[in-house]
Amino acid sequence: MLLLGALHCTGCGDDGGGGGDGGAGGSGGQPATSGSGTTGSVTTGDPGGTTSASTGGTGGASTSTGTDTGTSTSTSTGTGGDDATGGGGSGGGGTPVDSGLPTPPGADNVAKPSGAAGGFKVIDWAGFAGAVTYTFDDVNQTQIQNYDALNALGVPFTFYVWTNKAEANNPVWKKALMDGHELGNHTSRHDSNDNGSDTDAATKFIKDTFGITPYTMAAPNGSDAYTSISQSRFLINRGVSNALISPNDSSNPFKLPTYIPPTNASTAAMDAEVTSARTGKKWRTFCIHGFTGGSDGAYQPIPLNAFLEHVKHVKDFGDVWIDSMVAIGSYWRGQKAVTGGTNTQSGSDTTYTWQLPENFPPGKYVRVTVTGGTLKQGGVPLAWNPHGYYEMALDPESVTLSP
Ligand SMILES: [Zn+2]
């Protein structure tokens, strides 16, 4: 069994998390979605009926409190991605939605398909060549003290919070949430065994402390005990074995593969992991515990500068979707749900239906295309985006294609 990051921190500073500047809005250096990363704004009266702490530009951490009153409170730190707005096709006919997905590379003058109605399919990785998610485990000291440098990269990360560690109370995590990063569950005690109660204790801490529902977790020590525990509680549980993830593949979402860079990993070594994902049109997740120079025994620490340079290289590719676990994970699982759905004919209309998995975050979208015809949800036509797709809400669990 792998034992990852099982050392308690005994001498961590409790500082860090001072005022950073760049928000995490946007992804992959796409200018259309770069966030401003200032303090959040609150709006009310949006039609989505959800409460969302949104990752600007990428629709990462979001949570529904179950309110369905037509009142929405949104705290968004980026300029491009408030996934509480425009939810469920509530806009006017053909009005573009704000899906929270980053703008992919490529032409922005693609003509709306005008052939025969048909060919309905979800576009892989929202139109990017591949995808990458960087996750950080254990709320280690070197994550906290280097937070501003990480945040300045302008891409959303996922931080898996070990909630009974003192560092879980560091103010940096509230700032990370406001900056558009995801906070996930890494249990309360970080044991290899649990009956579910320790996992639930961490969820309660995250709800009480940060006001959000965690949608993903990472199994402490990579323990298989969490494969079943996570299934009834989360969208995704990240494991510790390395593999790439493909659209519509059979990767286990409750033991999701990840790459753990070796101690002192070079920029080139990390670049190669993303290059293989990009050329294979797949998704690579990273699991990082901390950076060299810390005193709290982070598992397999890597040099900060090597990581910063690596992420800059991935951004420079321009066609890799860099986003949180919940953002890419909900796209991956949403695509699989739609692909595995059914379709029914009524006259010349075809209605595609699907069932979203349990613990699926509200307000998520996938990008779809057809050979021709008109796609409607709730009777409202979807708007063609000249980047080459329609943005389709997942919550309605159906879409109709008409000639
Ligand atoms: Zn851990």
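A short reminder: the numbers here are calculations on the coordinates, not readings from a lab. These figures come from a predicted structure and were not determined experimentally. Virtual Cβ from ideal backbone geometry, glycine too; neighbours counted across all protein chains shown.
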Going by average Cβ density within 10 Å per residue, which order do the peptides 334-346, 170-182 take, highest to lowest?
170-182, 334-346
Work out how much length Glu397 to Asn248 would gain on full extension: take 0.36 nm times their residue separation and subtract the Cα-Cα distance, in nm to one decimal.
51.9 nm
Applying the Karplus parametrisation 6.51 cos²θ - 1.76 cosθ + 1.60 with θ = phi - 60° to the phi angles of region 251-260, what ³J(HN,Hα) value in whole Hz is obtained for each residue in order, glycine and proline being reported as x?
3, 6, x, 9, 8, 5, x, 8, 9, 9
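Can you tell me the length gained on complete extension of the stretch Ser241 to Ser348, counting 0.36 nm per residue apart and subtracting the Cα distance? Don't jump to the answer; show the numbers that get you there.
Numbers: separation 107, 0.36 × 107 = 38.52 nm, distance 4.71 nm.
So the extension gain works out to 33.8 nm.
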Straight-line reach check, Lys376, cutoff 25 Å on alpha carbons, 8 or more apart in-chain or any other chain, hits among lysines -> Lys112, Lys121, Lys336, Lys364
Could you tell me the center-to-center distance, by alpha carbons, between region 97-158 and region 204-250 in angstrom?
19 Å
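Once you order the gyration tensor axes a ≥ b ≥ c over the Cα atoms, which shape class does region 129-318 get: rounded for a/c under 1.5, otherwise prolate or oblate by comparing a/b with b/c?
Values: a/c = 1.63, a/b = 1.20, b/c = 1.37.
Oblate, because a/c is 1.5 or more while a/b does not exceed b/c.
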Kindly rank 389-399, 353-363 from highest to lowest mean number of other beta carbons found within 10 Å of each residue.
389-399, 353-363
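Roughly speaking, what is the stretch gain from Asp224 to Ala166, that is 0.36 nm per residue apart minus the C-alpha to C-alpha distance, in nm to one decimal? Don't jump to the answer; show the numbers that get you there.
On the way: separation 58, 0.36 × 58 = 20.88 nm, distance 2.58 nm.
18.3 nm is the gain from fully extending Asp224 to Ala166.
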Any chance you could count the Lys pairs in region 129-318 whose alpha carbons are under 22 Å apart, treating pairs 8 or more apart or on different chains as valid?
14
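In terms of the Cα gyration tensor, with a ≥ b ≥ c the square roots of its eigenvalues, is region 312-400 rounded because a/c is under 1.5, prolate because a/b exceeds b/c, or oblate? Show your work: numbers first, answer last.
On the way: a/c = 2.55, a/b = 1.52, b/c = 1.67.
It is oblate, given that a/c is not under 1.5 and a/b is not larger than b/c.
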Pseudo-spin-label distance Ser232 to Thr209, built 7 Å along Cα→Cβ, given in nm, is 2.6 nm
